[in-house]
1. Over all alpha-carbon pairs of region 164-369, lay out the pair-distance distribution in 10 Å bins, whole %, shortest bin first.
2. Can you sort Y271, Y176 by how many other beta carbons sit within 10 Å, fewest first?
3. Would you calculate the separation in nanometres between label points at I347 and L83, each defined as 7 Å from the Cα along the Cα-to-beta-carbon direction?
4. Tell me, L357, L169 in order of fewest to most beta-carbon neighbours within 10 Å?
5. Among 280-291, 63-74, how do they line up from the highest to the lowest mean number of other beta-carbon atoms within 10 Å?
6. Please give the peptides 247-260, 228-241 ranked by average Cβ packing (other Cβ atoms within 10 Å per residue), highest first, as a rough proxy for protection.
7. When only alpha-carbon atoms are used, what values of Rg and Dmax, in angstrom, describe region 58-157?
8. Going by C-beta contacts inside 10 Å, put K134, K312 in order with the fewest on the left.
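Derivation of every value follows stated rules applied to the coordinates shown; laboratory data play no part. Treat the numbers as computed from the prediction; the structure is a model and nothing was measured. Cβ sites come from the backbone with ideal geometry, for glycine too, and all protein chains shown count toward neighbours.
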Amino acid sequence: MGACLSATKVSGGSSGNTTAHHRKTATNAEKQSQKPNNQQVRCSQPLKNKQKPEKQSGIIPWGKRTDFGYDKDFDQRYTIGKLLGHGQFGYTYVAIDKVNGDRVAVKKIDKNKMILPIAVEDVKREVKILKALKGHENVVQFYNAFEDDSYVYIVMELCEGGELLDRILAKKDSRYSEKDAAVVVRQMLKVAAECHLHGLVHRDMKPENFLFKSTRPDSPLKATDFGLSDFIKPGKRFRDIVGSAYYVAPEVLKRRSGPESDVWSIGVITYILLCGKRPFWDKTEDGIFKEVLKNKPDFRRKPWPTISDDAKDFLKKMLVKDPRARLTAAQALSHQWVREGGNASDIPVDISILSNLRQFVKYSRLKQFALRALASTLNEEEIADLRDQFDAIDVDKSGSISLEEMRQVNISIVCLTSIRLHKTSLFLSLIGWFQCRPLLKIFLGS
């Protein structure tokens, strides 16, 4: 539910730390193949990692060579049940704890698909992050990690209350108020504050990454996806481009991001929750990025005259271009509009806001469906071919294509090489290529 840089995730290596849920996803390594399912295409990392089928390379994958140090008795502890979702690298299931009968979510990751060391490190990092945040009321609970000769199993809390925006739209009698929005935003800010306290940046705050624990009206909201999260040292900045286009912060596009980018993303979510529209939007990714970098959100058009001044004040302090002047997550939690017992109105919002939200959800899911349909035409060999092409252009192995590398490559050779692929694969190759063009123009000022 976002645009991918078509809702895009474009990533290179993080600054100073390259090793640094249960939704219907897998680990970060898994997500590289699932981006189309979430409307996201990570232009660098999946193309950079030459994860060719094992039968072609004859090399034992790094996952098969690695002892992760996790418990080895998964089959004795759990019974796997219903499939929740899957990607190229693994599957997510409901499972039953044999001791107490509890239902849990299990992410089952195929070691054969962990071709490169970075895929192994991605799994280890995700487990480390879940352990660090264990016990927080608004983070999906981590129970344990297991492994056997073929798989890694990450056992987590099962969240069955549905996605954030679906829950809002399902409210009876269309009773949705600023107070309802403030309750949701407060829980997101608590997650961000907890992450930042541990030296962790989430880097992918968006509505799809939050689920309700249960269908009960008082169910807590849970952050469920930390596949792009990473640790960062004080004073350091991330240099890679990670995030979804609608929610990406200006400093991320400038390759100088830190914890502040999570606050910006929550500000964008808040804006959508209050009016049902995106604060920065254009028909192209290029246009979205320009909006993020140069323009301010609109607070004048309908329905903003009906929204409280406190809500608008909160947003204006969250959506500040300069990350140094932006509220921190901890500071935002103290704002009079969002704090517990604060002054957010309990009067139902204008009906047009729910109508806007409904259209936003429909548009996003239609785009997800289209990208999923396109991606389903690619097999592993074709994906490996595309990775090889990207890797050939990415001479310095930075994970992104610089303007100089673009100048040196002969695009006609790339296109001719792609012609041997299925026509849909060629189409996707060109989509990926032209998605990089607006990024380069913005990042490099050309």
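1. Per 10 Å bin, starting at 0, the Cα pair percentages come out as 8, 37, 40, 15, 1.
2. Working: Y271 23, Y176 19.
Fewest-to-most ranking of Y271, Y176: Y176, Y271.
3. With each label placed 7 Å out from Cα toward Cβ, I get 5.1 nm.
4. Values: L357 21, L169 15.
Fewest to most other Cβ atoms nearby, the residues stand as L169, L357.
5. Details: 280-291: 17.9, 63-74: 14.7.
Final packing ranking: 280-291, 63-74.
6. Working: 247-260: 22.3, 228-241: 18.5.
Sorting 247-260, 228-241 by mean packing, highest first, produces 247-260, 228-241.
7. 13.5, 46
8. Values: K134 12, K312 16.
Lowest to highest Cβ neighbour count: K134, K312.
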